[in-house]
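I have placed the structure first, in the form of structure tokens, so that the comments after it can refer back to it.
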Amino acid sequence: MTNAEHSGSLAAPVEGAGGACYIRPHLRGLLYEAATVILTRAGADSSLRSWGLKLREKVGFKRAAVAVARKFSVIMHAMLKSGEFFDRSAGMVA
């Protein structure tokens, strides 16, 4: 995700495996807000939440929230491509 300074008014370039794609600033804020909820208020455990909580201890809350938001957007994109639903137990090691 690109910071607001480089975002422009309509779209922000984001480098990825498939080349540059564009995320509107409002969507970036929504992804960050969803990541914040996942890290703070979500009652259900998921591999994404536990990964984010471990990361929060190492790098701090804000950086962990940005990392969770990015990972969440990658997960949602894969879900849209495959048509699958979110499985919170996927990737969890018992």
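Within region 50-59, restricting attention to residues that are without any contact (Cβ under 8 Å) to a residue 24 or more places away in the chain and of a type outside the set (Asp, Glu), the residue that is surrounded by the most Cβ atoms within 10 Å (Cβ to Cβ) is Gly52. Taking every residue in region 32-45 that is without any contact (Cβ under 8 Å) to a residue 40 or more places away in the chain and pairing it with any residue that is crowded, with 17+ Cβ neighbours inside 10 Å and of a type in the set (Phe, Trp, Tyr), at least 6 positions away or on another chain, the pairs with Cβ-Cβ distances below 8 Å are Ala34/Phe72; Ala35/Phe72; Ile38/Phe72. Can you say whether Thr36 is surrounded by fewer than 15 Cβ atoms within 10 Å (Cβ to Cβ), polar (S, T, N, Q), modelled with pLDDT of 80 or more and in contact with a helix residue (DSSP H, G or I) (Cβ under 9 Å, 6 or more places away or on another chain), as far as the supplied structure shows? For Thr36, the condition - surrounded by fewer than 15 Cβ atoms within 10 Å (Cβ to Cβ), polar (S, T, N, Q), modelled with pLDDT of 80 or more and in contact with a helix residue (DSSP H, G or I) (Cβ under 9 Å, 6 or more places away or on another chain) - is not met.
The values are calculated or read from the model by the stated rules, or taken from the named source; none is laboratory data. On a predicted model such as this, the values are computed, not experimentally measured, just so you know. Reconstructed Cβ throughout: ideal geometry from the backbone, glycine too, with neighbour counts over all protein chains shown.
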